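Taken together, the values in this text are just the output of simple stated rules run on the coordinates, not laboratory data. Just so you know, these numbers come straight off a predicted model, no measurement behind them. A quick note on method: Cβ atoms are made from the backbone with ideal geometry, for glycine too, and the neighbour counts reach across all protein chains shown.
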Amino acid sequence: MTKRTKKNLKKVIRKIPILLIGLITIVLVLISLGPTQAKSSTGADYQIVVVREGETLWKIAKKHTVNGDIREFIHQMKKLNNLEHSVIYPGQKLIVPNGE
């Protein structure tokens, strides 16, 4: 390995911690923005929700339903997410209609 190559390698190695800090910062900012908003082709509003430990479809529906029927809201969520059953898992991302 030449001196020039070693020198360039040292420069790159010195920059790695800075790049990692920048990447971590970007990830934290994205996480802090919360659920993402989306619109379907019909104009209906949706958001992406990440399932937390202990959450159920019922709890999520209750949190996001304004004046609608929770059972119908759950049916919509299952349909949107292609869920055959009501079993969901922590970390799973669900498309949830904005309150009805």
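Structure values in brief
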{"item": "For the chain, with +1 on Lys and Arg beta carbons and -1 on Asp and Glu, the positive-most of Ile74, Leu23, His64 along the dipole", "result": "Leu23"}
{"item": "Charged-residue dipole, Cβ positions (Lys, Arg, Asp, Glu), region 36-97 about Cα centre, Debye nearest 20", "result": "60 debye"}
{"item": "Vicinal HN-Hα couplings computed from phi for region 16-32 (Karplus, 6.51 cos²θ - 1.76 cosθ + 1.60; Hz; Gly/Pro x)", "result": "4, x, 5, 5, 5, 4, x, 5, 4, 4, 4, 4, 5, 5, 4, 5, 5"}
{"item": "Two-decimal Rg/Rh across the chain, once Rg and the Kirkwood Rh are taken from alpha-carbon atoms", "result": "1.31"}
